[in-house]
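Trainee: The structure under discussion is supplied below as structure tokens; questions concerning it will follow.
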Amino acid sequence: MEAEKSWFKDWFNSPYYHMLYSNRDEKEAAAFIDKLLAYLQPAKDAEMLDVACGKGRHAKYLADKGYFVTGIDLSTESINAAKKLENAHLSFFQHDMRLPFRVNFFDVVFNFFTSFGYFDTQRDNDNALRTLKNALKPGGKLVLDYLNSNYVAGHLVGAEVKEKDQVVFDIRRELKDKKFLKEINILDQAKMRRLQYTESVNAFTKEDFEQMFAHQGLEITDIFGDYHFNSFDAQRSPRLIIIATKSKPC
């Protein structure tokens, strides 16, 4: 099982991606965002950035609360859909997170639901994290929500089959070379076509992130292990949710 170097460019633009993940729990996501806002206590007119925003549902949720929210995503298809939600408090741009975006501009930067760690090289991962850091105003807050690699490795489902609207997804998973690989074999029975994509996500640990954040001058202030803000446990927590602050100039 191997993933192409830029697998995410094609996969995130595919209608099959949105079909496969259409059952994500929006109520859980909204409750998590509400808990984050209560924890962060941003100003009423705070500027926020949602990095890897997808079709913009979570950015819209934030904007509906009165914040000024910008969403960026590599997927043209997702951004085209998100732009239909734009208003005075909400805007979207197609953008590669490895490249700079609005330096020293935002009060809070969000990276939700394991939208990091897709890249093959540490340089690309560092560039992505640098974009998140540089987009913040000094003293601004970064929220990075990632899978807990130890937990996922211990609960990996090797194979499963899902069917939605005459499309069969034959899914195989493995941990290889410190990456979680998910091979997705697609049979579209209505169109009589077969496709294959392989997702690849780095199996970063808490210690890996601590090193990467320190390298960027980001101070980690809290780490939570789930969307209810329970303490992080390396073996038992399903998530690795990191809250960090961009240092202010001396």
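Computed from the coordinates by the stated procedures, all read-outs in this text should not be read as laboratory data. Note that the structure is a prediction, hence the values are computed from the model and not measured. As a convention, Cβ positions derive from the backbone with ideal geometry for all residues, glycine included, and neighbour counts pool all protein chains shown.
Trainee: Go through A46, M192, V161 and say which Cα lies farthest out towards the positive end of the charge dipole of the chain; charges sit on Cβ, +1 for Lys and Arg, -1 for Asp and Glu.
Mentor: Of the options given, the answer is A46.
Trainee: Let me ask another. Any idea what the dipole of segment 49-180 comes to, in debye rounded to 20, about its Cα centre with Lys/Arg Cβ at +1 and Asp/Glu Cβ at -1?
Mentor: 320 debye
Trainee: Show me, for segment 150-166, the HN-Hα J-couplings you get by feeding each phi into the Karplus relation (A = 6.51, B = -1.76, C = 1.60, θ = phi - 60°), rounded to Hz, glycine and proline as x.
Mentor: Ordered by residue, 3J(HN,Hα) equals 4, 5, 4, 4, x, 10, 5, 8, x, 8, 7, 10, 10, 10, 9, 6, 6 Hz.
Trainee: Any idea what the dipole of the chain comes to, in debye rounded to 20, about its Cα centre with Lys/Arg Cβ at +1 and Asp/Glu Cβ at -1?
Mentor: 360 debye
Trainee: Let me spell out the model: positive unit charges on the Cβ of Lys and Arg, negative unit charges on the Cβ of Asp and Glu, origin at the Cα centre of segment 152-200. What dipole size does that give, in debye rounded to 20?
Mentor: So the magnitude is around 120 debye.
Trainee: Extending each Cα 7 Å along its Cβ direction at K191 and D120, get the distance between those two points in nm, one decimal.
Mentor: 2.6 nm
Trainee: Just from its helices, what would the mean residue ellipticity at 222 nm be for the chain, if runs of 4 or more DSSP H residues each count -39500 (n - 2.57) and the sum is divided by every residue, rounded to the nearest 500 deg cm²/dmol?
Mentor: My calculation for the chain gives -8000 deg cm²/dmol from helical runs alone.
Trainee: Here's something else I'd like to know. Report, for the chain, the % of DSSP beta bridges that are antiparallel, rounded to 5.
Mentor: Among the beta bridges of the chain, antiparallel pairing accounts for roughly 70 percent.
Trainee: Here's something else I'd like to know. Would you please give the residues with an amide H less than 5 Å from that of F116, counting only those at least 5 places away or on a separate chain, with H modeled from the backbone geometry?
Mentor: For F116, no residues qualify.
Trainee: Can you tell me the FRET efficiency between K35 and N87 if r is taken as the Cβ-Cβ distance and R0 is 30 Å, rounded to the nearest 0.05?
Mentor: 0.75
Trainee: Say the cut-off is 23 Å between C-alpha atoms; which of K5/K191; K27/K182; K27/K55; K27/K137 go over it?
Mentor: Pairs exceeding 23 Å: K5/K191; K27/K182; K27/K137.
Trainee: Now a separate question. Going toward the positive end of the dipole of the chain, with +1 on Lys and Arg Cβ and -1 on Asp and Glu Cβ, which of S75, Q122, L36 do you reach last?
Mentor: S75
Trainee: Okay, moving on. Counting only trypsin sites (Lys or Arg not before Pro) that sit in a DSSP loop (anything but H, G, I, E, B) with at most 12 other Cβ atoms within 10 Å, what is the longest stretch of the chain containing none of them?
Mentor: For trypsin sites (Lys or Arg not before Pro) (loop position, at most 12 other Cβ atoms within 10 Å), the longest site-free span of the chain is 45-177.
Trainee: Also, I was wondering about something else. Given the options L129, L99, L195, state which has the largest fluctuation in a GNM of the chain using a 10 Å cut-off (strictly under) for Cα springs.
Mentor: Maximum among the listed residues: L195.
Trainee: Hey, another quick one. Convert 37 °C to kelvin, take the viscosity as 0.692 mPa s, use the Kirkwood radius over C-alpha pairs of the chain as Rh, and evaluate the Stokes-Einstein diffusion coefficient in µm²/s, rounded to a whole number.
Mentor: Answer from the Stokes-Einstein relation: 174 µm²/s.
Trainee: Along the charge dipole of the chain, which of A203, G225, F101 sits closest to the positive end, that is, farthest toward it, with unit charges on the beta carbon of Lys, Arg, Asp and Glu (+1, +1, -1, -1)?
Mentor: In the chain, that residue is F101.
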